[in-house]
Amino acid sequence: MGPRRKTGVEKVRLPGLSRRAVIAGTSVAAFGAAKPAGATGADRPTAAMVASDEGIRRCASWLAIDAKIARLQTRWAKLEGWLVREHRWLKLSPAEQQALPWAKELRDIDGCLDLLFEQREAALKSIPSSGSADLESVIATLAVVERLIWREEHPDVHALITGARRDLTAMSRRHSLSCMESAQSPNVYDAPPA
């Protein structure tokens, strides 16, 4: 598994989780909801819109896999911590550890994590590194980058990325609202002749 932070108990480490695990779903919602239906003004999707939607879909897929990994790492850490406290896990021999019924869950989680790490890596490679057609695809990409940069290791960089994503989301919403308002307000040039 990936890097883990120390728990204070020798040889036991928790996954290096941060608030990013909590906001994974909100990031998806933020760039998914940033463009209300009908705000584009186009009836048929263009090639750029299709490419943008594909990039957003790939980012959302990566974020979903990353959120699953975070949940499994949290479960693994809680289970291992409980085993250390209740069953002296670290003082047991490997055979004694394997005899406990909870050892199977740890092995299952490790197997799932190995598969998810591979899927996440493949999903990351599928995300285009440039050529975003609109703000929503840039926001989606920044949501992924925000998860890739560990806030604990690079707090300034993480703060810049988080701020940029939030700013772009707000700009996108303002733009979408003004497009919707423009479409709803009567155009004086469309008035019937007097």
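Looking at the stretch 118-129, can you tell me whether even one residue there is closer than 30 Å to LEU168 by Cβ, small (Gly, Ala, Ser) and over 16 Å from the mean Cα position of the chain (by Cα)? Yes; the residues of the stretch 118-129 include at least one that is closer than 30 Å to LEU168 by Cβ, small (Gly, Ala, Ser) and over 16 Å from the mean Cα position of the chain (by Cα). Across the stretch 126-136, the qualifying residues are those that are in a helix (DSSP H, G or I) and modelled with pLDDT under 90, and the one among them that is surrounded by the most Cβ atoms within 10 Å (Cβ to Cβ) is GLU136.
Residues checked against (1) farther than 30 Å from GLU146 by Cβ; (2) of a type in the set (A, V, I, L, M, F, W, C):
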site	(1), (2)
LYS68	no, no
GLN73	no, no
TRP76	no, yes
ARG88	yes, no
LYS91	yes, no
GLN97	yes, no
ALA103	yes, yes
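Those helices (runs of 4 or more DSSP H) of the stretch 1-107 in which 2 or more residues are within 26 Å of LEU168 (Cβ to Cβ), aliphatic (A, V, I, L, M) and modelled with pLDDT of 90 or more occupy 47-87. Take ALA95 and decide whether it is without any contact (Cβ under 8 Å) to a residue 12 or more places away in the chain and not basic (Lys, Arg). Considered against the rule, which asks whether it is without any contact (Cβ under 8 Å) to a residue 12 or more places away in the chain and not basic (Lys, Arg), ALA95 comes out as yes.
Residue pairs whose Cβ atoms lie under 7 Å apart, separated by 6 or more positions or on different chains, with the first residue in the stretch 163-188 and surrounded by fewer than 11 Cβ atoms within 10 Å (Cβ to Cβ) and modelled with pLDDT of 75 or more and the second in a helix (DSSP H, G or I) and among the hydroxyl-bearing types (Ser, Thr, Tyr), do not occur.
Out of the residues in the stretch 142-159 meeting the condition of being of a type outside the set (A, V, I, L, M) and over 19 Å from ILE69 (Cα atoms), tell me which one is nearest to the chain's Cα centre (by Cα). Restricting to residues being of a type outside the set (A, V, I, L, M) and over 19 Å from ILE69 (Cα atoms), the top hit is HIS158. LEU142: over 23 Å from ARG58 (Cβ atoms) and either of a type outside the set (S, T, N, Q) or loosely packed, with under 15 Cβ neighbours inside 10 Å (or both), yes or no? Criteria not met by LEU142.
The values are calculated or read from the model by the stated rules, or taken from the named source; none is laboratory data. None of the values given here were measured: they were computed from a predicted structure. Cβ coordinates were reconstructed from backbone atoms using ideal geometry, including for glycine residues, and neighbour counts include every protein chain displayed.
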